[in-house]
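Written below as structure tokens is the structure these notes are about.
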Amino acid sequence: AFFVVLALLCLTVGPVAAGSKTDFTGTEYLVADHNPGEEFFPDGRYHLRGGVSETLWEATDSRLDGAVSLFTINWNFTFQPEPVWFSGPMWGTFVITNDGGTWEGSFTGVREENGDSFFHYVGHGSGGYEGMQLRMWGERLDPNPYLVPTSWSGYILETGG
């Protein structure tokens, strides 16, 4: 009976569509801060909600190369001595668009006590990128995002279906 049920499950589920995975690297340059968001300072910490910034992409994959990104950022920072100024967790959402389509998703990140920042983005495509998924990891090894761009590596997953 077990094997009959297993065989029926295999027939009803069907094959899973294989997809392709394309690795990429890229560089993201901060262009402008559009909205400073809401800042507040409970318990001597620096909190931000809803800051909006714009970046420009150069990437080894045309689905990101030349793209403009708008991201909304939140953080809960602890003050640090200059030139770092602050450190702590970050999170938010992003929309990355070029002529081929759009990526939308969410991110998490951390700004360490030395000023280095690390990010993880997860998103999905629309328009020409419909049905695709985006996963990427970034690092900026300097406290000043206007002087040092963010370096990225990641992959785009095409689900094949």
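The values are calculated or read from the model by the stated rules, or taken from the named source; none is laboratory data. Note that the coordinates shown come from a computational prediction; the quantities given were computed from them, not determined experimentally. Here the Cβ positions follow ideal geometry from the backbone for every residue, glycine too, while neighbour counts run over all protein chains shown. Note: accessible area is taken over every heavy atom of the protein model, side chains too, but ligands, DNA and RNA are not part of it. Shrake-Rupley method; radii C 1.70, N 1.55, O 1.52, S 1.80 Å.
Here is how the numbers come out for the structure above:
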read-out	value
Hull-based mean projected area of the chain, where the convex hull spans the alpha carbons, in square nanometres	13.0 nm²
Protein accessible area in the chain, 1.4 Å probe - carbon and sulfur %	60 percent
Compactness of segment 79-161, expressed as Rg and Dmax over alpha-carbon positions, Å	15.0, 51
Structure-based [θ]222 nm, the chain - -39500 (n - 2.57) summed over DSSP H runs of at least 4, per residue, nearest 500	-2500 deg cm²/dmol
GNM flexibility winner over the chain from Glu113, Glu28, Glu104 (Cα, springs under 10 Å)	Glu113
Rough spin-label spacing in nm, given labels placed 7 Å along Cα→Cβ, for His47 and Glu82	2.7 nm
